[in-house]
Amino acid sequence: MARQTPAARHGAFHPLRVAEVDRLTDDSVAVSFAVPPELRGTYRYAPGQHLALRRRSVDGSEIRRTYSICGPAVDPDGPSTLRVGVRMVEGGEFSTFALKELAVGHTVEVMAPAGRFVLEPKPGHFVAVVGGSGITPVLSIASTLLGREPDAHFCLIRSDRTAASTMFVEEVADLKDRYPDRFQLVHVLSREEQQAGLPSGRLDEARLTELLPALLPVTAVDGWFLCGPYGLVQGAERALHALGVPRDRVHQEIFHVDDGASAPSLPVPAPARSAVTATLDGRSGSWPVKDGESLLDAVLRNRADAPYACKGGVCGTCRAFLVSGEVRMDRNFALEQEEVGAGYVLACQSHPVTEEVELDFDR
Ligand code: FES
């Protein structure tokens, strides 16, 4: 798991110029940003990480969205371009803007890379199960791994609605051509008959439980990467568990959670008065937490550079280490159990249980 430097964790944005916009499908594009030489270190990323993008809405409010980087992480000095995949979300203001208006020469505010759904290249056999736009970070992971580690093998199991809605077709075909002995692709279409290979249908728990052992030595796989909508990731996780895969070999990133996928945890009596102490970019401060507000919002009232994007417990941008005190989280779709066990929390979902709570965003 990648360790981020404090410099890469803070919530500062920089304006980056759009260098390219490639249409991938009717409803998705890849957007490339030019990184000026002095910011290359700031935007150094691990394969699988994402970027938070920011813009002002027509009503003046701020919109932030995270998009995964799809390009390989190859330059130790940091990238000269950053390429992300954007799929249109119905009613999504940012994705609509990206698909309909964004053009070469525009400027977008971009936060430093974040996220722990990463694989640093190492020998071994790795597998990804992805749905739809879940291919985006996995493309970065697979291309970096295969390009930098000759003793690594990668199997990509991807599920899309139709061939026409499939993102990054050319990039994945390129991996097949370049690494015929080390890259395996299984493509399932849920709403379209396929000419050859697998029958159509959803890649759900039952199907994966049957499919995976026929494809691979499941328990010998060194790392599993699950990415896509909540239902697909949950189904894949249950299938792997049933097949005897140890939990610590499974990594997941959820792109979209329906409201109600998880009810907020049971209310815990909150202290009448509470305060949060937070360290961010090496500077600390202590501030009161208002009744019902999250620790992130309490910090943001005083430190506008606190990192966040979705405020929904999904992207993990607001991850912080709980130095002392106790919190309850409403929901968590971003942190793995090991991270929670190690003391990390999502500040956007955390409410104080004790009168004093201390967070460190730099760890
Ligand atoms: S801001 Fe996305 S999980 Fe907290």
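The values are calculated or read from the model by the stated rules, or taken from the named source; none is laboratory data. This one's a predicted model, so the numbers in the text were calculated from it and none came from an experiment. No Cβ is skipped: glycine too gets one built from the backbone with ideal geometry, and neighbour counts run over all protein chains shown. Please note that ligands, DNA and RNA were not included when accessible areas were found on the heavy atoms of the full protein model with its side chains. Shrake-Rupley method; radii C 1.70, N 1.55, O 1.52, S 1.80 Å.
Checking A7 against (1) within 22 Å of C348 (Cα to Cα); (2) surrounded by fewer than 20 Cβ atoms within 10 Å (Cβ to Cβ); (3) modelled with pLDDT of 95 or more, which single condition isn't satisfied?
In the conditions (1) within 22 Å of C348 (Cα to Cα); (2) surrounded by fewer than 20 Cβ atoms within 10 Å (Cβ to Cβ); (3) modelled with pLDDT of 95 or more, A7 misses (3) alone.
For the stretch 53-72, which positions are modelled with pLDDT under 95 and among the aliphatic types (A, V, I, L, M)?
Passing the criteria: V58, I63.
Residues N332, N302: which one is closer than 18 Å to T279 by Cβ and either at pLDDT 95 or above or of a type in the set (S, T, N, Q) (or both)?
Only one candidate qualifies: N302.
Go through the stretch 300-334 and give me each residue that's of a type in the set (K, R), open to solvent by 30 Å² or more (accessible area, probe 1.4 Å) and either within 13 Å of the ligand (Cβ to nearest atom) or more than 24 Å from V257 (Cα to Cα) (or both).
R301, K311, R331
Cβ-Cβ under 8 Å, sequence separation 6+ or interchain: first residue in the stretch 296-313 and polar (S, T, N, Q), partner part of a helix (DSSP H, G or I) and within 7 Å of the ligand (Cβ to nearest atom). Which pairs?
That search, which allows pairs on different chains as well, returns nothing.
Would you check which residues across the stretch 335-357 are open to solvent by 20 Å² or more (accessible area, probe 1.4 Å), part of a loop (DSSP other than H, G, I, E, B) and either of a type in the set (V, I, T) or near the ligand (Cβ under 10 Å from one of its atoms) (or both) and list them?
V353, T354 - these are the residues of the stretch 335-357 that are open to solvent by 20 Å² or more (accessible area, probe 1.4 Å), part of a loop (DSSP other than H, G, I, E, B) and either of a type in the set (V, I, T) or near the ligand (Cβ under 10 Å from one of its atoms) (or both).
List the pairs whose first member sits in the stretch 53-80 and is on the phi > 0 side of the Ramachandran plot, whose second member is open to solvent by less than 70 Å² (accessible area, probe 1.4 Å) and in a loop (DSSP other than H, G, I, E, B), and whose Cβ atoms are under 6 Å apart, counting only residues at least 6 apart or on separate chains?
From residues that are on the phi > 0 side of the Ramachandran plot, the pairs are G78/R40; G78/G41; G78/Y43.
For residues in the stretch 265-299 being in a loop (DSSP other than H, G, I, E, B) and under 23 Å from V110 (Cα atoms), which is farthest from the ligand (Cβ to nearest atom)?
G282
Looking only at the stretch 235-251, count how many residues are open to solvent by 40 Å² or more (accessible area, probe 1.4 Å) and either at pLDDT 95 or above or touching a helix residue (DSSP H, G or I) at 6+ places or on another chain (Cβ under 6 Å) (or both).
Residues in the stretch 235-251 being open to solvent by 40 Å² or more (accessible area, probe 1.4 Å) and either at pLDDT 95 or above or touching a helix residue (DSSP H, G or I) at 6+ places or on another chain (Cβ under 6 Å) (or both): 8 in total.
Checking P123 against (1) modelled with pLDDT of 95 or more; (2) under 17 Å from V86 (Cα atoms); (3) of a type outside the set (S, T, Y); (4) over 18 Å from the mean Cα position of the chain (by Cα), only one condition comes out false. Which one?
(2)
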